[in-house]
Amino acid sequence: MKEKLKSLRVHMLLPVISMTLFIVIMLTTFFSRAFINLILTQEQQVNAAGFESISQSLVSLVSTAVIDVRRIMSDDRVAEYAGLEYSSKKELIQARIDCRDYMRSEIAQSDKIYGLLIMRKDGSLFGTLPEGNFFLDDPSENPFPEAMRTQILNASLGETVWIGPVSGAFLYGFENANTPKRIMIAASKSVDVRYGECYGLLLIDESIFEKIFTSIQNGTSNWYLFTPRQTEIYHTGEESCMHPDRLINESNTGKIFDDDDGNPVCTFSMTLTSPPWTMLRKVDMEDYELLVRVIRRVIFIIAGVIQLIALAIYHFWLKKFMFQFNTLLHGIIRMGEGDLQPAEPASFTIGEFETMQKEIDRTTVALSDQMDTIRRMEREKMEQENLIREQKHLQEELSTARQIQTSVLPHIFPPFPERKEIELFASMDPAKDVGGDFYDFYFIDEDHLCLVIADVSGKGIPGALFMMFSKRIIMDYAKIEHSVSEILIKANEVLCDNNTADMFVTVWLGILEISTGKLTTANAGHEYPAIRKADGKFVLHKDKHGFVIGGIPNVRYKEFTLQMEPGDKIFVYTDGVPEATAASGEMFGLERMTDALNTCADGSPDEILRTVKSAVDEFVGDAEPFDDMTMMCLEYKGVMG
């Protein structure tokens, strides 16, 4: 019987361990997939803006350049030189000069065309480039390889064939400081009754694409352009693509895979109609993968600790149970004999279990209520212990969430020590462990500083997640659109499309032009900013509010312009400041806030925020805060002479 009890003890352990491992694996898998899906959704939203902007720029660039080339080729001077034979050297020289001067003057009018070459059907070549002119009447002098010539000559009428990129030294036969590294060639066939068939070769310096792609670079992704034959036209970053077919095939599938260097990436692509290129964006997912692995490791460690604690509790519980069981056995025997006095428990044998079975038959009714009471007490005890562990685990999660939230907000001050034209300070004090408020500031370019302060409708972990998502969306559009109203319009559309939680954000957004002091702002349902001129006091600037973002689509926002002079300050905040409430139920209010600002109006932004915070704390006293309190102050010092 003892051996059977030991076997039963082991068999009870196996389901507990298996179930714990199963739950841990399911939790880590669910979290990983949910987190990756969130990141991919966010990246797809970035793609929507990036692909639209780039495709419009590329189509406009290429279409305009091709139209210009076809117009240039239709001129009589090009047609005459392409088709006529000259009776004298002097006549040939004059025709070349006329053709060269005409083509050079036409190309100079277009910033999209690097050069233009005309190839006759026999392979002879002439045209104009910045570094010199081509007049190769002998087809054997044509520098293009036979395969490239064949590809050009096989082009159908009206078809544009893209070749390259080729190096500038390949065309010139030499290389200097002005020679472009890579040149794209667009070849198209033209027919004219005056000179027969010839082929216009449009040359585009690949560096022109850099201007288009510069505005959407964020340091975490690379962009590529491919022809229909998957020949790479252009790429950002250091390295070109070795296997474009794989990147294109895996694009838009939501999968994360390893690239040629073994780094985890995901890809998104779009096919243009004219020109028929494929535009591809490769996003580096290594940082996200590292974060997922760290969280998985933490979950496994916590699960291991919990399992060890559970096994220890199970061991002591079983030991105590067996002690009680032995005592119960002897008590039942004594009950059958009429002895109700307590006695010391004794070790049990198989014979004692047989005796116990006979006595249980006579005492079943009496023991039924007692065993129900014992089971209820044990169940309540375990439920209480589980509740304590869950509360502790929740506090640990909230602490980790607050650390993550704090790390995504700018927290190094002064933030731009090299920029003497401004002084900036900000703070955020959440009402709970994590909050829904946020502030942000960053340079869009060398002369424009973007300022953002916002208040998410929710609190706790849902508010913090929506806050991080909103902050990233506003930053992405701020680097693409320099109009504050357009930034809010596009951010509102993205948040409305994905707002299943019905949350919204109030936002005050401003872009300061450092060189002039012009501050362009827009207000999406946020608090009025407080402005202080250099020799005055802080007063509220009551601009017209727009609707909150994330509430309803198709909302327009009005821009306001403020002229900042050296020494002027602007103070922005969330409603947690004026709505801070004392134990009596009275609010701090805007009047007390402006009074606190003006007690330290000449101070630095850091001193001003500390003064307001101290005034709020003194007013609220021991009352528990119910809303986040976020503030930001900027002093414009002007352009240093």
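Among the residues of segment 239-256, those identified as among the hydrophobic types (A, V, I, L, M, F, W, C) and surrounded by 15 or more Cβ atoms within 10 Å (Cβ to Cβ) are CYS241, LEU247, ILE248, ILE256.
Is it the case, given these coordinates, that MET503 is part of a loop (DSSP other than H, G, I, E, B) and of a type in the set (A, V, I, L, M, F, W, C)?
Against the criterion (part of a loop (DSSP other than H, G, I, E, B) and of a type in the set (A, V, I, L, M, F, W, C)), MET503 qualifies.
Scanning segment 458-468 for residues that are out of contact with any strand residue (DSSP E or B) (no Cβ under 7 Å at 6 or more places or on another chain) and modelled with pLDDT of 85 or more yields a total of 1. If you go through segment 620-636 and pick out every residue that is at pLDDT 95 or above, of a type outside the set (Ser, Thr, Tyr) and over 18 Å from MET428 (Cβ atoms), you end up with 1. Apart from one condition, ARG246 fits all of (1) modelled with pLDDT of 80 or more; (2) assigned to a strand (DSSP E or B); the exception is (2).
Okay, residues lined up against (1) more than 20 Å from ILE608 (Cα to Cα); (2) outside any strand (DSSP E or B):
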| site | (1), (2) |
| --- | --- |
| LEU424 | no, no |
| ALA431 | yes, yes |
| TYR439 | no, no |
| PHE443 | yes, no |
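Within the option set VAL294, VAL265, being outside the structural domain of ASP68 (by TED's automatic domain parsing), over 30 Å from ARG104 (Cβ atoms) and at pLDDT below 75 holds for one residue only, VAL294. Pairs are defined by a Cβ separation below 8 Å, a sequence spacing of at least 6 or placement on different chains, a first member in segment 139-150 that is closer than 15 Å to CYS198 by Cα, and a second member that is part of a loop (DSSP other than H, G, I, E, B); the pairs so defined are PRO139/ASP122; PRO139/GLY123; PRO139/SER124; ASN142/GLY123; ASN142/SER124; ARG149/GLY123; ARG149/ASN142. The residue that is surrounded by the fewest Cβ atoms within 10 Å (Cβ to Cβ), counting only those in segment 66-82 that are touching a strand residue (DSSP E or B) at 6+ places or on another chain (Cβ under 6 Å) and small (Gly, Ala, Ser), is ALA79. Of the residues making up segment 257-279, those that are part of a loop (DSSP other than H, G, I, E, B) and either of a type in the set (Ser, Thr, Tyr) or crowded, with 18+ Cβ neighbours inside 10 Å (or both) are ASP259, THR273, SER274, PRO275, TRP277.
With respect to the conditions (1) without any contact (Cβ under 8 Å) to a residue 24 or more places away in the chain; (2) aliphatic (A, V, I, L, M); (3) in a loop (DSSP other than H, G, I, E, B), ILE67 lacks only one, and its number is (3).
The values are calculated or read from the model by the stated rules, or taken from the named source; none is laboratory data. Please read all numbers here as calculations on a predicted model, not as lab measurements. Note that each Cβ is placed from the backbone with ideal geometry, even for glycine, and that neighbours are counted across all protein chains shown.
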